[in-house]
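The values are calculated or read from the model by the stated rules, or taken from the named source; none is laboratory data. Quick caveat, the model's predicted, so the values are computed rather than measured. All Cβ positions, even for glycine, are placed from backbone atoms using ideal geometry, and neighbour counts span all protein chains on display. Please note that ligands, DNA and RNA were not included when accessible areas were found on the heavy atoms of the full protein model with its side chains. Shrake-Rupley method; radii C 1.70, N 1.55, O 1.52, S 1.80 Å.
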Amino acid sequence: VPQHVWRINLDTPEEAHQNLSFGAADRWWEQTDLTKLILASNKLQCLSEDVKLLPALTVLDVHDNQLTSLPSALGQLENLQKLDVSHNKLKSIPEELMQLSHLKSLLLHHNELSHLPDGFGQLVNLEELDLSNNHLTDIPTSFALLINLVRLNLACNQLKNLPADISAMKSLRQLDCTKNYLETVPSKLATMASLEQLYLRKNKLRSLPELPSCKLLKELHAGENQIEILNAENLKHLNSLSVLELRDNKIKSVPDEITLLQKLERLDLTNNDISRLPYTLGSLPQLKFLALEGNPLRTIRRDLLQKGTQELLKYLRSKIQDDVTSPNQEPPVTAMTLPSESKINMHAITSLKLLEYSEKQAAVIPDEMFDAVRSNPVTTVNFSKNQLNEIPPRIVELKDSVCDVNLGFNKISSISLELCMLHKLTHLDIRNNFLTSLPEEMEALTGLQIINLSFNRFKVFPSVLYRIVALETVLLSNNQVGSIDPLQLKKMERLGTLDLQNNDLLQVPPELGNCETLRTLLLEGNPFRTPRAAILAKGTAAVLEYLRSRIPT
């Protein structure tokens, strides 16, 4: 930082020495002290102790630099209200920082902090504290003193537990503990009466916390845990809940008490082990979004799941009456019945044109499944959630009719030539496998519109996809893709959705902005520095416009 920045309150401007006829604009002796200093997105490796020469500062923003430490003189900026030191390389915070009694916002995310000063509780006026994406293993007990804190973000650290004392934060409205190692949540959390949003995704929770006093809780996100049981106790006090997100857990059943959540608008139960639902779900007055894919539901046909929330709720409502009249009957055999329960589901093959053998942990698909098809034209194949090492060669027998193939959640490491012969294929889901590349022969799949390759092991964008011009949706999140070719992508004239979240893109080529057919471009979770998160948050159109503005002329 140039020295004259620190001395801006002290030194008279150069012009004062030469120009003696002062207009109103030049009356430098009436200049007030500097209150905001923004040094963000530079290459600063240290900040001078001279920062103390700017005692009137209320805002200091040095995010996105290369700072490894902070000067202790920061503690003398007694008027400071907002300090942003995020996206640096800080390993610790000076104790002196704890003297900033007027501080309202402290942003420390994306650093290398492994511990915090014990005196943290002295920052009594703090309203916003972001510590996400650090290496913290515990939280100082003095956090309990932060009684004005409204937002606390602890996501993406290494916390194994939360101190019960944080329940003393009486003003806390938003608590984010996503992606830690929490196995339980302190029962005292239940007393946090102001809490409105609680994020517990990607932890190791085995059950939902009981939150009897959280009468204002509007959003509870607990996906990607190991929750097996959903108790009535967990639900019955959450009168204000509008979002309940429990995807990717091991929940086996949904209690009837779910209907107590009268304000529920979104319920996500994707990828659990739920086999039947209370039909009374259909009577929730505000429910607008219900996601149930990836469950072994026995009473709801798969095609119904794909029709969307409104149709599903209508169906559930129509069943409430039947449920009352015959509560103890076994659920009827439907298309979702698994082949192991009724030898082979001929009804599914003949009426629904569905060949299904999923969630069997099978290493091979039994021949009798293919034999049963005979001359029936099967349009949908679901072999997901098994232990397949290769694509079943006999799939080629279905080439004249099959258009939707799901091989997700297996151990497949390469695409076979048989698959490349399914010339009517429009949807291919092969997520959560071991793929590192796609064969050039896939070019023959000229009608392919949607391909899901997320959670595989791709290091580069598979070049054959550039030549499948019918593609509308390419999902490649959670791989290790390091680069994309925007000029080739532009040739994909129908591409509307491209998901590259959580890959290894170090930069986003500006020419990608010319791919104007893209309606949805997802790039979060990559290590590139630009476009910044603030631009990504504005949505696809804004990102493309930003990229176009960066194209060298």
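Worth a mention:
- In the stretch 241-255 there is no residue that is open to solvent by less than 70 Å² (accessible area, probe 1.4 Å), over 18 Å from Ala291 (Cα atoms) and either without any contact (Cβ under 8 Å) to a residue 12 or more places away in the chain or touching a helix residue (DSSP H, G or I) at 6+ places or on another chain (Cβ under 8 Å) (or both).
- Restricting Leu521, Leu435 to residues that are open to solvent by less than 20 Å² (accessible area, probe 1.4 Å) and either within 28 Å of Val378 (Cα to Cα) or of a type in the set (Ser, Thr, Tyr) (or both) narrows the list to Leu435.
- Total residues in the stretch 418-445, condition closer than 17 Å to Asn456 by Cβ and either in a loop (DSSP other than H, G, I, E, B) or basic (Lys, Arg) (or both): 10
- Residue in the stretch 474-495 that is open to solvent by 30 Å² or more (accessible area, probe 1.4 Å), hydroxyl-bearing (Ser, Thr, Tyr) and out of contact with any strand residue (DSSP E or B) (no Cβ under 8 Å at 6 or more places or on another chain) present: yes
- Close pairs from the stretch 90-105: first more than 15 Å from Leu116 (Cα to Cα), partner open to solvent by 20 Å² or more (accessible area, probe 1.4 Å) and among the aliphatic types (A, V, I, L, M), Cβ under 7 Å, at least 6 apart: Ser101/Val124
- Residue match in the stretch 9-32 (condition: at pLDDT 95 or above and either part of a helix (DSSP H, G or I) or surrounded by 15 or more Cβ atoms within 10 Å (Cβ to Cβ) (or both)): no
- Check on Ala541, open to solvent by 70 Å² or more (accessible area, probe 1.4 Å) and closer than 23 Å to Cys156 by Cα: no
- When the stretch 160-177 is filtered for residues that are in contact with a Phe, Trp or Tyr (Cβ under 8 Å, 6 or more places away or on another chain) and crowded, with 20+ Cβ neighbours inside 10 Å, the ones remaining, listed by number, are Ile166, Met169, Leu175, Asp176, Cys177.
- Scanning the stretch 264-284 for residues that are open to solvent by 20 Å² or more (accessible area, probe 1.4 Å), over 28 Å from Glu356 (Cα atoms) and modelled with pLDDT of 90 or more yields Glu265, Arg266.
- The listed residues are Lys319, Lys236, and the only one of them that is free of Cβ contacts under 8 Å to residues at least 40 places away in the same chain and either open to solvent by 10 Å² or more (accessible area, probe 1.4 Å) or in contact with a strand residue (DSSP E or B) (Cβ under 7 Å, 6 or more places away or on another chain) (or both) turns out to be Lys236.
- Verdict on Phe383 being at pLDDT 90 or above, of a type outside the set (A, V, I, L, M) and at positive phi: no
- Subset of the stretch 64-78 (residues that are over 9 Å from Leu100 (Cβ atoms), in contact with a Leu (Cβ under 7 Å, 6 or more places away or on another chain) and touching a residue at least 24 places away in the same chain (Cβ under 8 Å)): Asn65, Ser69, Leu70, Pro71
- Scan the stretch 496-517 for residues that are within 15 Å of Ile551 (Cα to Cα), surrounded by 20 or more Cβ atoms within 10 Å (Cβ to Cβ) and out of contact with any Pro (no Cβ under 7 Å at 6 or more places or on another chain) and the total you get is 1.
- Test: residue in the stretch 397-417 that is surrounded by fewer than 18 Cβ atoms within 10 Å (Cβ to Cβ), outside any loop (DSSP other than H, G, I, E, B) and either at pLDDT 95 or above or in contact with a Phe, Trp or Tyr (Cβ under 7 Å, 6 or more places away or on another chain) (or both): yes
- Verdict on Leu316 being out of contact with any Lys or Arg (no Cβ under 6 Å at 6 or more places or on another chain) and modelled with pLDDT of 90 or more: no
- Just one residue in the set Leu97, Leu106, Leu116 is part of a helix (DSSP H, G or I), crowded, with 16+ Cβ neighbours inside 10 Å and more than 21 Å from the chain's Cα centre (by Cα); that residue is Leu97.
- Every pair of residues 6+ apart whose Cβ atoms lie under 6 Å, when the first sits in the stretch 339-365 and is under 17 Å from Asn295 (Cβ atoms) and basic (Lys, Arg) while the second is open to solvent by 70 Å² or more (accessible area, probe 1.4 Å) and modelled with pLDDT under 80: none
- Number of positions in the stretch 110-150 that are farther than 27 Å from Gln66 by Cβ and among the hydrophobic types (A, V, I, L, M, F, W, C): 8
- Strands (runs of 3 or more DSSP E) lying entirely in the stretch 470-553 (those with 1 or more residues that are farther than 26 Å from Ser413 by Cα and of a type outside the set (Asp, Glu)): 520-522
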